[in-house]
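Here, each number is a calculation from the coordinates, and none is a lab measurement. Bear in mind that the values here come from a model prediction, so they are computed numbers and not experimental data. Don't worry about glycine lacking a Cβ; one is built from the backbone with ideal geometry, like all the others, and counts go over all protein chains shown.
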């Protein structure tokens, strides 16, 4: 902890504040995440994420996130992006 608040890049006081707020009002923990997906071609698709619902309100991300997925040629794709399993592995690693 460099200054007593930041640990491994995380503001500990912010995390404590979230924990306390949810402890006092559990409904704040309800969240809904959404993504819009469009098929491009073959196994290639594009997903866009712009916002979510949490802490009792709609929240917009600071920008639009675009994720692409495809399959390698051995699985009938064109290898233009990581495949869905690789995206899942990334999610599990974070």
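Numbers for the structure displayed
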quantity: Cβ-Cβ FRET estimate between residue 15 and residue 37, R0 fixed at 41 Å, reported to 0.05; calculated: 0.85
quantity: Label-to-label distance, nm, for residues given as residue 67 and residue 23 (7 Å Cα→Cβ offset); calculated: 3.2 nm
quantity: Residues 87, 61, sorted so that the one with the fewest Cβ neighbours within 10 Å comes first; calculated: 61, 87
quantity: Helix-only [θ]222 nm of the chain, DSSP H runs n ≥ 4, -39500 (n - 2.57) each, per residue, nearest 500; calculated: -7500 deg cm²/dmol
quantity: Calculated log₁₀ intensity ratio I(q)/I(0) where the Debye formula runs over C-alpha points of the stretch 29-76, q = 0.15, 0.27, 0.32 Å⁻¹; calculated: -0.51, -0.94, -1.11
quantity: Residue of 41, 70, 11 that the Gaussian network model of the chain assigns the largest fluctuation, springs spanning Cα pairs under 10 Å; calculated: 11
quantity: Contour excess over end-to-end distance, with Cα ends at residue 53 and residue 6 and 0.36 nm allotted per residue; calculated: 14.3 nm
quantity: All-pairs Cα distance distribution in the chain, expressed in whole percent, bin size 5 Å; calculated: 3, 11, 13, 15, 16, 14, 11, 8, 6, 3, 0
